[in-house]
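FYI, it's all coordinate maths here, none of it is from the lab. Note that the structure is predicted; figures quoted are calculated from it, not measured. Note that each Cβ is placed from the backbone with ideal geometry, even for glycine, and that neighbours are counted across all protein chains shown.
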Amino acid sequence: MENYCNNNLINPNWAKHGYIQVYTGDGKGKTTASLGLAMRALGRCWKVLIIMFTKGGDDYGELNSFRNLSPEIRDNLTIKQAGLDRIVYENNKSSDDASEIKKGWELAKKAIKNDEYNLIILDEANIAIDLGFIDVDEVVEVLKNKPEEMEIVLTGRNAHEKVIDIAHLVSKIEPVKHYWDTGISARKGIEY
């Protein structure tokens, strides 16, 4: 099968301006929305980088799916995890968390500066900022100086006002009703 990205019918640079998007709030679906956007972009031959802050380990359905994409699509996707295999909160954060998240942020800065991707998703970056692992002023400066055509998405609860202020699109996902409230645990294939 011919690589559909080589047929010149699909132009990843159709829009001359890339935007900063923020998906935040206490509701479910922030990462899910960003991964849907990644799939859409990959379907248009965009080069996509996903950095998963505060998320380590291998038990994520999306990682399994992405590994099994066709080679033509998979070649345009890079996923890096920048976290330990646990959930990080204010009361359990450690120097190991800080080290992993810093590595992820350094990778993000380099990829942005070098204009290596059409879309960069900084999954749970809002949490990393909120917990003090990444300096919000540095994030704002990097985002303000991103390449013109690059799209950047930040997900996670508690998006900082400085990030919201420079974003072009902010979606706040609020819970109305959630089965977790009845004691149902996270489910494979739905929450992870």
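Between the listed residues Ile112, Ser185, Ile127, the Cα displaced farthest toward the positive end of the dipole of the chain, a dipole computed from Cβ unit charges relative to the Cα centre, is found at Ser185. Note on the stretch 15-175: with charges restricted to the Cβ of Lys and Arg (+1) and Asp and Glu (-1), its dipole about the Cα centre is near 400 debye. When each of the peptides 178-187, 89-98 is scored by the mean number of other C-beta atoms lying within 10 Å of its residues, the order from highest to lowest reads 89-98, 178-187. Computed over the chain, the P(r) tail beyond 21 angstrom holds 52 percent of alpha carbon pairs. Over the chain, dividing the summed -39,500 (n - 2.57) contributions of all DSSP H runs of at least 4 residues by the number of residues returns a 222 nm mean residue ellipticity of -9500 deg cm²/dmol. One compactness figure for the stretch 34-120 is 1.16, namely its Cα radius of gyration divided by 2.2 N^0.38 Å.
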